1. Answer yes or no as to whether G325 is modelled with pLDDT of 95 or more, in the same structural domain as N114 (by TED's automatic domain parsing) and under 18 Å from I248 (Cα atoms).
2. For D147, state whether it is modelled with pLDDT of 95 or more, closer than 30 Å to C170 by Cβ and in a helix (DSSP H, G or I).
3. Select the helices (runs of 4 or more DSSP H) contained entirely in segment 1-109, then report the ones holding at least 3 residues which are surrounded by fewer than 21 Cβ atoms within 10 Å (Cβ to Cβ).
4. For segment 297-349, how many residues are more than 22 Å from the chain's Cα centre (by Cα) and small (G, A, S)?
5. Which of the residues spanning segment 352-373 are in contact with a strand residue (DSSP E or B) (Cβ under 7 Å, 6 or more places away or on another chain) and within 18 Å of A219 (Cβ to Cβ)?
6. Could you tell me which residue of segment 68-113 is farthest from V130 (Cα to Cα), considering only residues that are under 13 Å from the mean Cα position of the chain (by Cα) and of a type in the set (A, V, I, L, M, F, W, C)?
7. Quick check: anything in segment 261-282 buried (at least 19 other Cβ atoms within 10 Å of the Cβ), in contact with a Gly (Cβ under 7 Å, 6 or more places away or on another chain), over 15 Å from H333 (Cα atoms) and at pLDDT 95 or above?
8. Looking only at segment 45-67, which residues are more than 26 Å from the chain's Cα centre (by Cα) and either of a type in the set (A, V, I, L, M, F, W, C) or not assigned by TED's automatic domain parsing to the domain that holds D341 (or both)?
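The values are calculated or read from the model by the stated rules, or taken from the named source; none is laboratory data. Just so we're clear, the structure is a prediction, and the values are computed from it rather than from any experiment. Methodologically, a virtual Cβ is constructed for each residue, glycine included, from the backbone with ideal geometry; neighbour enumeration extends over all protein chains shown.
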Amino acid sequence: MAKQINGNEIIQLFEQFAPKSLAVEGDKIGLQIGTLRKKINNVMITLDVLEETIDEAISKNVDLIIAHHPPIFRPLKHLITDQPSGRLLEKCIKHDITVYAAHTNLDITDGGVNDMLADALGLEKTKVLVPTYEEPLRKLVVYVPKDYEEQVRLSLGDAGAGHIGAYSHCAFSTEGTGSFRPLQHAQPFIGQSGQLERVKEVRIETVYPVGLEKTVLTAMKKAHPYEEIAYDIYPIEQSPLQKGLGRIGELKEEMELGDFAQFVKEKLQANGARMVGKPDAKVKKVAVLGGDGNKYIHQAKRMGADVYITGDLYFHTAHDAMMIGLAVIDPGHYVEQIMKDGVTNKLLSLCEERNYAIHIFPSETNTNPFTFL
């Protein structure tokens, strides 16, 4: 039977995917309107929170909105309900609609907005474009009865341990014999109090980023059958896990810039695209950064990009790109709407794994302020 979920539980799940710790300093993320201390039946995923978005949420009995762009980005000086911003907040409160924002943490996280854009363009061998965060790795070693090896390995992988590059659930196992004597007040899963026991066990080794330690250990303890679990944690002396804004990768086949601009427009479902560079220039290495990426043109050039895809390109930034020999394609800020389907699918998958009864869907409201003529 499917289980009911509350707001705190679904946000805890979401933050396993897009941890708040990844957000750039000063970003306005997290709970913005309402409460998470309630049952959640309907969740709507949106890029922006406009009054039209709230009207859609009301019509669909939405309990929780997860948005990419925070509706409250600057401190409120007043809340006047006959003005647009005040009216939006009033509708949320009156209809008990909670609003949670995931901004740069959703841009930066693995599988987040920038990976969604890179995947849509078919980029291969992708790397972080602008490093913003480094997280040390640790190794977990846990001893498990042989019959429970697969259960514990899967639980650790599902919690985020064992992610190495493009691979998940990476772990190594060796078999051996464990011994123990349960004392008087023990309630052993195997054996009897006072008797020395020897059990065929498996030593499982896996790695995880420090920020996931609590989640990984909780998953281990939940899946492990023993009352007292034998495990060790070791620091790893190797390059820390690097995360950041944007991605840079390669196309399968070289293209001309003009053709590639049309390809970008089609794949990212943009109404139009501005281009800097000669249409017949050859492009192979591609950098992409959702939203406003004006200040990163030099980073894209340093990393060897032939073309840089970003939104909100300034006139003088376009001149700078021309002078350093970097082609640029601007399909607009709204291409970030790719997150609506991406986050919906990710969150649905996480909830289905745990048998939660919940309806999650993307907003159908078009929040693009621009009309292309």
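1. Considered against the rule, which asks whether it is modelled with pLDDT of 95 or more, in the same structural domain as N114 (by TED's automatic domain parsing) and under 18 Å from I248 (Cα atoms), G325 comes out as yes.
2. no
3. Counting at least 3 such residues, we get 7-17, 51-59, 84-94.
4. So the answer is 7.
5. N355, Y356, listed by residue number.
6. A101
7. No.
8. Answer for segment 45-67, where residues must be more than 26 Å from the chain's Cα centre (by Cα) and either of a type in the set (A, V, I, L, M, F, W, C) or not assigned by TED's automatic domain parsing to the domain that holds D341 (or both): just I58.
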